[in-house]
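Worksheet: one structure, shown below.
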C-alpha cells in the first residue's frame with residue numbers, strides 16, 4: 001500500500017483555518033490502528049503516537065512507559081510505521097511523540113526516518129522528563145546524567161528547522177514559557193497531569209474548574225509571548241466531552257488533546273459492557 005503524505009504547509013493551513021472559524025482543534029492519541037481509524041473517522045485533526053498510548057493498548061497505565069522495560073523511540077517508530085500510518089486515509093495527520101533524551105540515537109536521524117515514513121509532525125512527550133517531579137531526587141539525578149528538559153526544547157527547535165509541525169508540551173508554567181520562547185512550536189499543550197478515570201487513570205482530586213484555571217494561567221502568559229500560538233488543553237480532570245466543553249468555555253484554548261478519554265476509557269467501557277452481556281447468556285431450551 002501507499003501511505004498518504006501531507007506537508008507542514010497543508011497541516012498548518014488546516015489548523016489555522018479551524019482556529020479562525022472558531023472550530024476546536026482536536027488532537028488524540030492512538031495505540032492501535034483500529035483506534036486511529038475510528039478517531040480519524042470521527043473528525044480528529046491529529047493522531048498522536050507514543051509509547052504510553054501503545055502500552056495503554058496493552059492494558060497498562062501511561063506512566064509505565066517511564067519504567068526501563070522498552071526502547072520508547074523504537075516502539076513508537078515501529079508501531080507508527082506498521083499499525084497507524086497504514087490504517088489512515090490521510091484526513092488526519094500523525095504526530096510522533098519522541099523521547100528527545102534517548103542516549104543511543106541521534107535525533108536528527110530519527111527525524112529523517114520519520115520524514116521518510118510520511119510523518120510531518122513531532123512532539124517532545126515520548127516520554128518527557130516533566131513527568132518526574134522537579135523536587136525529587138530522581139529528577140536531580142536524571143539532570144546530572146544529561147537527561148534534561150533542555151534536550152526536549154532543542155529537539156523541537158531542530159524539528160522545526162527540518163520542516164516538521166512541532167507540538168510542544170510542558171507540565172508547569174516555568175517550562176511552558178521556556179519551551180515556547182526557545183523552540184517556538186506551532187502548537188502548544190499545557191499538560192495538566194495524568195487523565196483521571198477508568199482502570200488505570202489517576203485522580204488527584206482536582207476538579208475541572210481547577211484544571212481550567214491552571215491551564216488558563218499558563219495560556220495568558222504564553223499569549224503575551226506569541227499571540228498566534230495555537231493552544232490546546234490536556235489531562236487531569238478533563239475526562240469527558242462535557243469536561244472538554246468546560247475547558248473551551250472557560251479558557252482561551254483553541255482546542256484539546258485527548259489520550260485515555262478517547263482511547264482507553266471508551267474501550268474499557270464498551271468491551272466490558274458487551275462482554276458482560278455475552279457472559280450472561282444462558283441456554284433457553286436445555
Tally, over region 143-158, of residues that are in a helix (DSSP H, G or I), at pLDDT below 95 and crowded, with 16+ Cβ neighbours inside 10 Å: 0
Selection from region 112-139 of residues that are modelled with pLDDT under 95, within 19 Å of the chain's Cα centre (by Cα) and in a helix (DSSP H, G or I): 129, 130, 131
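From the list 284, 227, which residue is surrounded by fewer than 22 Cβ atoms within 10 Å (Cβ to Cβ), within 30 Å of residue 155 (Cα to Cα) and without any contact (Cβ under 8 Å) to a residue 12 or more places away in the chain? Lay out the reasoning, then the answer.
Values: 284 fails: within 30 Å of residue 155 (Cα to Cα).
That would be 227, the only listed residue that is surrounded by fewer than 22 Cβ atoms within 10 Å (Cβ to Cβ), within 30 Å of residue 155 (Cα to Cα) and without any contact (Cβ under 8 Å) to a residue 12 or more places away in the chain.
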Any hit, region 159-166, residues being part of a helix (DSSP H, G or I) and in contact with a strand residue (DSSP E or B) (Cβ under 7 Å, 6 or more places away or on another chain): yes
Residue list for region 211-264, restricted to those being modelled with pLDDT under 95, under 20 Å from the mean Cα position of the chain (by Cα) and part of a loop (DSSP other than H, G, I, E, B): 235, 236, 237, 238, 239, 240, 259, 263
Scan of region 270-281 for residues that are in a helix (DSSP H, G or I) and either over 29 Å from the mean Cα position of the chain (by Cα) or in contact (Cβ under 8 Å) with a residue 24 or more places away in the chain (or both), ordered by number: 275, 276, 277, 278, 279
Hits in region 48-75 (condition: within 25 Å of residue 271 (Cα to Cα), assigned to a helix (DSSP H, G or I) and modelled with pLDDT of 70 or more): 51, 52, 53, 55, 56
Filter result for residue 96 (assigned to a strand (DSSP E or B), modelled with pLDDT of 95 or more and crowded, with 18+ Cβ neighbours inside 10 Å): yes
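The values are calculated or read from the model by the stated rules, or taken from the named source; none is laboratory data. Fair warning: this is a prediction, and the values are worked out from it, not measured in the lab. Virtual Cβ from ideal backbone geometry, glycine too; neighbours counted across all protein chains shown.
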